[in-house]
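Q: After the C-alpha cells below, expect a handful of questions from me.
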Amino acid sequence: MAMKTLEDAFYDELRDVLSAEKQLTKALSKMAKKASSQELKKAFQDHLQQTEKQVERVEKAFEDTGKSARAKKCEAMAGLLEEAEDLMSHDADPEVMDALLIAAAQKVEHYEIATYGTLCTWAELLGYRTAKSELGQNLDEEETTDKNLTQLSKKINTAANA
Ligand code: FE
Ligand code: FE
Ligand code: FE
C-alpha cells in the first residue's frame, strides 16, 4: 500500500499490532500451561484475559481511521513466539523453564510497549481521540505486566539458581 502520510503509517502499524495481539492469545495459553510456578501461571492466564480485551480495543481504535480492522501479519511477534516455542521444547528443570518463560514474555511485552508508545504518539498528532484512549489503556496494561514479571522473576530466578 501507499505510505504517503502519517495516517497511512498509523493504519499499517495498527494492522500490525492487531496481528501481534491475536498471535499472543494462542501463545499465552501455551505459556500458562508450561509454567510450574502457580503465580507465574496465574500471571499468564490473567494477561491472556487482558490480551483478549486488548484485541477489542485495537479493533475499536480503527474507527478513527475510517478503514476496516484487518490484521497484517506481524513478523516480529511471529519471530519472538517462534523463539518462545523453541525454548519451551527444551528439557529444563521447572524453575529454569519458568525463568526462560519470563525472559520470553518480557521480550514480547517490550515489543508491545514500543509499538503502543509509537501508536499513542501518532494518534495524538493525528487527533484520533478514540484510538489514543484505547491504545493508551493497552500500553498501561503492557507496562504493568512487564513490571509484574520483573517482580516474579526475582523469586523464580533465585529458585532457578539454587
Ligand atoms: Fe498485548
Ligand atoms: Fe510488528
Ligand atoms: Fe502484553
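Q: With a cut-off of 8 Å between alpha carbons and a minimum separation of six or more residues, what is the relative contact order of the stretch 105-148 in percent? Before the final figure, lay out the partial values.
A: Details: 27 pairs, mean separation 22.6, N = 44.
About 51 percent, as a whole number.
Q: Same structure again: Helix 129-160 versus the longest principal axis of the chain: what is the Cα-based angle in degrees, 0 to 90, to the nearest 10?
A: 10
Q: Among all lysine pairs in the stretch 53-153 that are eight or more places apart or on different chains, how many have alpha carbons less than 23 angstrom apart?
A: The number of close lysine pairs in the stretch 53-153 is 16.
Q: Which number comes out as Rg/Rh for the chain once both Rg and the Kirkwood Rh are worked out on C-alpha atoms? Display every interim value, and only then the final one.
A: Values: Rg = 16.7 Å, Rh = 16.3 Å.
When Rh is taken as the Kirkwood radius, the ratio is 1.02.
Q: OK, next. Given a cut-off of under 8 Å on Cα pairs at least six residues apart, what relative contact order in percent is computed for the chain?
A: Numbers: 174 pairs, mean separation 47.9, N = 162.
Value for the chain: 30 percent.
Q: Any idea how far the Cα center of the stretch 112-126 sits from the one of the stretch 14-66, in Å?
A: Value for the Cα centre distance between the two parts: 18 Å.
Q: Using 0.36 nm times the number of residues separating Lys42 and Thr121, minus their current alpha carbon distance, what extension gain do you get? Provide the component values of the computation, followed by the final result.
A: On the way: separation 79, 0.36 × 79 = 28.44 nm, distance 3.17 nm.
Stretched out fully, the Lys42 to Thr121 stretch lengthens by 25.3 nm.
Q: Once label points are set 7 Å from the Cα along Cα→Cβ at both Thr144 and Asp91, what is their separation, rounded to one decimal in nm?
A: For Thr144 paired with Asp91, the spin-label model returns 4.1 nm.
Q: Tally up the carbon and sulfur contribution to the accessible surface of the chain as a whole percent, 1.4 Å probe, everything protein left in place.
A: Details: 4260 of 8520 Å².
So the carbon and sulfur contribution to the accessible surface is 50 percent.
Q: If you roll a 1.4 Å probe over the heavy atoms of the protein chains, what accessible area per residue do you get for the chain, in Å²? The partial results should precede the final answer.
A: Working: 8520 Å² over 162 residues.
It amounts to 53 Å² per residue over the chain.
Q: Put one equal scatterer on each alpha carbon of the stretch 9-68, apply the Debye formula with no solvent term, and list log10 I(q)/I(0) at q = 0.12, 0.13, 0.26, 0.27 1/Å to two decimals.
A: -0.35, -0.40, -0.97, -1.01
The values are calculated or read from the model by the stated rules, or taken from the named source; none is laboratory data. Note that the structure is a prediction, hence the values are computed from the model and not measured. Neighbour counts run over all protein chains shown; Cβ positions are idealised from the backbone, glycine included. For the accessible areas, the whole protein counts, side chains as well, though only heavy atoms, and no ligand, DNA or RNA atoms are used. Shrake-Rupley method; radii C 1.70, N 1.55, O 1.52, S 1.80 Å.
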